[in-house]
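Enquirer: There's a structure below that I have some questions on.
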Amino acid sequence: MQTNLTLTTLFLYFFISTFSTSILAHDEAQTQDLVHSSCIHSRYPKLCLRTLSNYTGPTKSPLDIAQAALHISLAHAKRVSKYLRSSKSEAHGSNSSLSKRQQAGLSDCKEQIADSVDELGRSLEELQMSNALTWVSAALTDGDTCLDGNVRADVKKRVSDVARVTSNALYLINRVGQSWNGKHKVKDSSRSKN
């Protein structure tokens, strides 16, 4: 009797674990298909695929994908903002190798990226499509303006990265907005985890 119970228990465990693994693998494949179909027509599809495939939050719907892209863009913008704040080449003259024009460009860039962080944060706080498009567009413009300025190559590289992920986020938000006609207001689903 004990052997039958143990065999039954083992069979049930094996069946449940195999079934659960199969469901998880199917869900993962569907998620990856959605990420791929969402990214394929973005301006930077390889970057979009790479960043969204590594995203640990929910990515089961086009809205989740758009929100994930915003989270990624915001994280990149925050890193660049922190880098610019801690940079030894502030406009306050701590690096005399920069010309006054370069110092002014760096100072402007620092301010524009800080504005981008605020705008991307706002777009996550209230993901109403028309507002999100406006704020993400403004963040992208801030990045482009910084790139147009007279800044060092290392700053341009970092700001270019923010501009690319922000461009992808704008595309994905626009894609969701078109399917919803911009009428729905959606709360950020990741806030409940924090």
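The values are calculated or read from the model by the stated rules, or taken from the named source; none is laboratory data. The model shown is predicted, which means the values in this text are computed figures rather than measured ones. Glycine gets a Cβ as well: all are built from the backbone with ideal geometry, and neighbour counts include every protein chain shown. Ligands, DNA and RNA are stripped out before the accessible areas are found, and what is left, the full protein with its side chains, is counted by its heavy atoms. Shrake-Rupley method; radii C 1.70, N 1.55, O 1.52, S 1.80 Å.
Enquirer: So how many residues does the range 109-130 have that are open to solvent by 10 Å² or more (accessible area, probe 1.4 Å), more than 15 Å from LEU74 (Cβ to Cβ), assigned to a helix (DSSP H, G or I) and at pLDDT below 90?
Expert: 1
Enquirer: For the range 131-173, give me the residue count where each residue is without any contact (Cβ under 8 Å) to a residue 60 or more places away in the chain, open to solvent by 60 Å² or more (accessible area, probe 1.4 Å) and not aliphatic (A, V, I, L, M).
Expert: 7
Enquirer: Given the criterion aliphatic (A, V, I, L, M) and modelled with pLDDT under 85, identify the matching residue among ALA77, ALA91.
Expert: Answer to the check: ALA91.
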